[in-house]
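Visitor: Take a look at the following structure, please.
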């Protein structure tokens, strides 16, 4: 019985490795398609990062985007000039800036998110109510497992991602 449990465990893990990247690629493509026309893809990715990581630093965004710090500084300058991002002193480290979204920045992301949600709902429209319930149940379970800070670790650049922050 133990070997069957291990085998199904490996099969489930393989499905996650195979399917999640496909879903994420679709979500990213839809989010980019639905971004405001005057935002570059790196600017849009930076906005999303700031949304997920309260008080994000320039260093954290640079790491996420794979860009040099001076490039990210210029990119963020553009977002600040557009009224989408705020800069303030970091409450955990006065030597760093903390970046946040303005209401306009939140609205830009919300608009893209609503359009993407609509796309995904349409893609799932032909599934039965039972299939949809199973997806919801599995996604809730995966969120419980992988949403734990013990598994994801913390980002030293983002105080809000540290356990207890």
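Visitor: Sorting check: for 16-27, 46-57, which peptide has the highest mean count of neighbouring beta carbons within 10 Å, and how do the rest follow?
Guide: Put in order of decreasing packing, that is 46-57, 16-27.
Visitor: Between 0 and 90 degrees, rounded to the nearest ten: what's the tilt of helix 41-52 against the longest Cα principal axis of the chain?
Guide: 80 degrees
Visitor: Next question. Would you mind checking the tilt of helix 103-123 against the longest principal axis of the Cα atoms of the chain, expressed as 0 to 90 degrees and rounded to 10?
Guide: Roughly 20 degrees, rounded to the nearest 10.
Visitor: Kindly state, to the nearest 0.05, the FRET efficiency for residue 91 paired with residue 29, given R0 = 35 Å and r defined as their beta-carbon distance.
Guide: On the way: r = 36 Å, r/R0 = 1.02.
My answer for the efficiency is 0.45.
Visitor: Before rounding to the nearest 500, sum -39500 (n - 2.57) across all DSSP H runs of length at least 4 in the chain and divide by the residue total; then give [θ] at 222 nm in deg cm²/dmol.
Guide: -21500 deg cm²/dmol
Visitor: While we're on this one: Can you tell me how much longer the chain between residue 2 and residue 80 gets when fully stretched, taken as 0.36 nm per residue apart minus their C-alpha distance, in nm with one decimal?
Guide: In short, 22.5 nm is gained.
Visitor: Helix 2-33 sits at what angle to the longest principal axis of the chain, using alpha carbons and giving 0 to 90 degrees rounded to 10?
Guide: On a 0 to 90 degree scale, this one is about 40.
Visitor: List residues of the range 4-40, by number, whose backbone nitrogen lies under 18 Å from a label position 7 Å along Cα→C-beta of residue 124.
Guide: Residues 16, 19-31 fall inside that zone.
Visitor: Please report, largest first and rounded to whole Å, the three semi-axes of the ellipsoid equivalent to the chain, where each semi-axis is the square root of five times an eigenvalue of the C-alpha gyration tensor. Please list the in-between numbers first.
Guide: Working: eigenvalues 223, 97, 36 Å².
Ellipsoid half-lengths, sorted descending, are 33, 22, 13 Å.
Just so you know, all these numbers are worked out from the coordinates, no wet-lab data involved. Owing to the predicted nature of the structure, the values given are computational and were not obtained by experimental measurement. Virtual Cβ from ideal backbone geometry, glycine too; neighbours counted across all protein chains shown.
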